[in-house]
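**Q** Got a structure for you, written out below as structure tokens; questions coming shortly.
No lab work stands behind these numbers, since they all come straight from the coordinates. As the structure is a prediction and not an experimental result, all values here were calculated from the model. With ideal geometry, Cβ positions are generated from the backbone for all residues, glycine too; neighbour counts draw on all protein chains shown.
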Amino acid sequence: MNYYSNKLIKHGHFDKVIQKVTEALKEEGFGVLTEIDVRDTFKKKIDVDFRPYKILGACNPQFAYKALQAEDKIGTMLPCNVIVQQTDVDTIDVAVVDPVASMQAVGNKDLESIAGEVRDRLKRVLEKL
């Protein structure tokens with residue numbers, strides 16, 4: 001089972017794609033709680049040049065609440081990560097975690113339907129880009 005879904009965007013501007021992803025997440029009920037600029041962090045911490053790469057920590061409060069009701073340690077797997085990375089001069093790759101794959105490790109049947117609904121919403125985010 002793949003642990004992510006992704007979409008390649010040709011001829012997009014990195015910052016505009018981040019904006020579109022954030023808007024599409026909002027339309028599906030997600031907010032972005034965290035934004036990690038991997039490129040900037042690598043430059044500051046280890047003086048390495050890296051391609052534009054951001055990790056967006058997306059959360060849908062309703063689903064997070066349901067998941068925490070079903071499994072109190074599930075917070076270790078929240079929020080849902082979405083990555084946006086420039087893979088070459090013309091291409092930006094947007095990838096979303098597959099929560100169904102993540103939740104299989106937990107072995108809690110109550111999480112399966114929640115994870116399925118979240119996966120469907122995240123896939124719709126990709127379709128909107």
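**Q** In segment 4-128, if the dipole is taken from +1 on Lys/Arg beta carbons and -1 on Asp/Glu beta carbons about the Cα centre, which of Val125, Ala101, Ala70 is farthest to the positive end?
**A** Value: Val125.
**Q** Just list whichever of Lys73/Lys123; Lys10/Lys123; Lys54/Lys128; Lys43/Lys73 have alpha carbons separated by over 29 Å in the model shown.
**A** With Cα atoms farther than 29 Å apart: Lys43/Lys73.
**Q** Modelled label-to-label distance, Ile46 and Glu127, 7 Å Cα→beta-carbon offset: nm?
**A** Computed distance between label sites Ile46 and Glu127 equals 3.8 nm.
**Q** Sticking with this structure for a sec: Can you tell me the 0 to 90 degree angle between the C-alpha axis of helix 61-70 and the longest principal axis of the chain, rounded to 10?
**A** Between helix and principal axis, roughly 50 degrees.
**Q** Which net charge results when you count Lys and Arg as +1 and Asp and Glu as -1 among the other residues whose beta-carbon is under 10 Å from that of Val38?
**A** +2
**Q** Related question: Pop a pseudo-label 7 angstrom from the Cα along the beta-carbon direction at both Ser113 and Glu35 and give the gap in nm to one decimal.
**A** 3.6
**Q** Given only helices, namely DSSP H runs of n ≥ 4 each adding -39500 (n - 2.57), what is the per-residue ellipticity at 222 nm of the chain, to the nearest 500 deg cm²/dmol?
**A** Details: 5 runs with 59 residues, N = 129.
Per the formula, -14000 deg cm²/dmol.
**Q** If one takes the longest principal axis of the Cα atoms in the chain, at what angle in degrees, from 0 to 90 and to the nearest 10, does the Cα axis of helix 109-128 lie?
**A** Compared with the principal axis, the helix lies near 30 degrees.
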